[in-house]
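Asks: My structure is below; once you've seen it, I'll send some questions.
The values are calculated or read from the model by the stated rules, or taken from the named source; none is laboratory data. Quick caveat: nothing in here was measured; it's all calculated off a predicted structure. Note that each Cβ is placed from the backbone with ideal geometry, even for glycine, and that neighbours are counted across all protein chains shown.
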């Protein structure tokens, strides 16, 4: 049972599958809507040689095989993404609008201090831009420590 599932997952992760899953680039006047901390797949115009992001603090991009563009929401607001060919001609210029999380987020205010929780199905800490510095730093530090411990456990298991 596990072997067919692994084969299915590997087949779904090929660049060809990613190209099929990518949305076509929207018409020029429509912004690309991305949610904070999420990504969206788009097709790049053929002949794209250079990508320019207006404000990488709002959105970031990466190029994958098969002409796939991954747009990731990094901060609230709007920016733009441009694709240029080798001669510098603009092939694509799109606004990117990054909106807040769309899942069930509960925001708790304690005076001026703000904390965010993702409540799907249980409420757990979630760091969101705009949370108080102490809450944001504590949650981020705990997450980083947990990830380092997990990597250490994996490294130790791999060396055995």
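Asks: Looking at 111, 88, 130, 77, which is the one that is closer than 20 Å to residue 34 by Cβ and at pLDDT 90 or above?
Replies: Just a single option satisfies the conditions, and that option is 77.
Asks: Continuing with the same structure: Which of the following residues is in the same structural domain as residue 56 (by TED's automatic domain parsing), free of Cβ contacts under 8 Å to residues at least 40 places away in the same chain, under 18 Å from the mean Cα position of the chain (by Cα) and closer than 24 Å to residue 40 by Cβ: 72, 143?
Replies: Working: 143 fails: in the same structural domain as residue 56 (by TED's automatic domain parsing).
Answer to the check: 72.
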